[in-house]
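Here's the structure, in structure tokens; my notes come after.
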Amino acid sequence: MTDQQPLNADEILDVVDENDQVVGQAPRGETYARRMRTRAAFVLVRDAEDRIFVHRRTPNKLVFPSHYDMFVGGVVGAGESYDRAALREAEEELGVQGLAQPEPLFKFLYETAEHTWWSAVYQVRCTLPVAPQEAEIDWHAFLPEEELIRRLDEWPWTPDGTAAYRELLARRETGEF
């Protein structure tokens, strides 16, 4: 990590149990340090040509700095709904206003030895010109899905985004989407 302060470490988040029920609140930095379960929204963004928005996170991100991601999104704030967080995070990270409400696809529990959060996965089409948030995103492009899949073994991807994307592909293969 760089000498910069991590982003939003003091933001208050809801802490949830294994059933996604709120059991308390704590600052984001504390939830990560103590592996407290929180909530996150993931939004897969496609452009008019059906390409997927891919970006590299800045090195000062609290979790998975300098990793690539095929989702925009982030933590759900205390008292915030998944739907509201999905739209807020997508508009913030893409640098747009007036984006359609992202469509909910599924929820899953992301758990590793270091992290745990309930994750709501969405999709949205963005035909607006994007101006990604420089504090969050170092690089971005809309990539054809075939190229994204080819890059999965080449670039360092966020583990939670990769888990969500693989779940999306598995559900698509079974005909759920």
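The values are calculated or read from the model by the stated rules, or taken from the named source; none is laboratory data. Since we're looking at a predicted model, the values are computed, not measured. So basically every Cβ, Gly included, is an ideal-geometry build from the backbone, and we count neighbours across all protein chains shown. Accessible surface is based on the protein model in full, side chains and every heavy atom, while ligands, DNA and RNA are left aside. Shrake-Rupley method; radii C 1.70, N 1.55, O 1.52, S 1.80 Å.
A quick yes/no check of all residues on (1) in contact with a Pro (Cβ under 9 Å, 6 or more places away or on another chain); (2) in contact (Cβ under 8 Å) with a residue 40 or more places away in the chain; (3) polar (S, T, N, Q); (4) more than 29 Å from Ala9 (Cβ to Cβ):
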site: Leu99; (1), (2), (3), (4): no, no, no, no
site: Pro102; (1), (2), (3), (4): no, yes, no, no
site: His115; (1), (2), (3), (4): yes, yes, no, no
site: Trp118; (1), (2), (3), (4): no, yes, no, no
site: Arg172; (1), (2), (3), (4): no, no, no, yes
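Residue by residue through the range 57-92, note down the ones that are modelled with pLDDT of 95 or more and either of a type in the set (Ser, Thr, Tyr) or in a loop (DSSP other than H, G, I, E, B) (or both).
Ser66, His67, Tyr68, Met70, Phe71, Val76, Ala78, Gly79, Glu80, Ser81, Tyr82
Can you tell me which residue in the range 129-161 is most open to solvent (accessible area, probe 1.4 Å), limited to those that are among the β-branched types (Val, Ile, Thr) and either at pLDDT below 95 or under 17 Å from Arg46 (Cα atoms) (or both)?
Residue satisfying both the conditions and the ranking: Ile149.
Restrict the check to the range 49-57 and report whether at least one residue is of a type in the set (D, E, K, R) and either free of Cβ contacts under 8 Å to residues at least 40 places away in the same chain or within 19 Å of Tyr110 (Cβ to Cβ) (or both).
Yes: one or more hits.
Touching a His at 6+ places or on another chain (Cβ under 8 Å) and farther than 20 Å from Glu167 by Cα: which single residue out of Arg57, Arg34, Arg28, Arg88 fits that description?
From the options Arg57, Arg34, Arg28, Arg88, the qualifying one is Arg57.
Return the total of residues in the range 62-72 being surrounded by fewer than 21 Cβ atoms within 10 Å (Cβ to Cβ) and either out of contact with any Phe, Trp or Tyr (no Cβ under 9 Å at 6 or more places or on another chain) or under 21 Å from Ala131 (Cβ atoms) (or both).
2
If you take the residues of the range 10-56 that are at pLDDT below 95 and small (Gly, Ala, Ser), which of them is surrounded by the most Cβ atoms within 10 Å (Cβ to Cβ)?
Result: Gly29.
Could you give me the residue pairs with C-beta distances under 8 Å whose first residue belongs to the range 141-158 and is under 19 Å from Leu94 (Cβ atoms) and in contact (Cβ under 8 Å) with a residue 40 or more places away in the chain, whose second residue is assigned to a helix (DSSP H, G or I) and open to solvent by less than 70 Å² (accessible area, probe 1.4 Å) wherever it lies, and which are 6+ apart or on separate chains?
Once the first residue is under 19 Å from Leu94 (Cβ atoms) and in contact (Cβ under 8 Å) with a residue 40 or more places away in the chain and sits in the range 141-158, its partners that are assigned to a helix (DSSP H, G or I) and open to solvent by less than 70 Å² (accessible area, probe 1.4 Å) give Leu143/Arg151.
Determine whether the range 74-92 contains at least one residue that is under 18 Å from Asn8 (Cβ atoms) and of a type in the set (S, T, N, Q).
Checking the range 74-92: not a single residue is under 18 Å from Asn8 (Cβ atoms) and of a type in the set (S, T, N, Q).
(1) of a type in the set (A, V, I, L, M); (2) in contact (Cβ under 8 Å) with a residue 24 or more places away in the chain; (3) within 24 Å of Asn19 (Cα to Cα): which one isn't true of Leu87, the others all being true?
(2)
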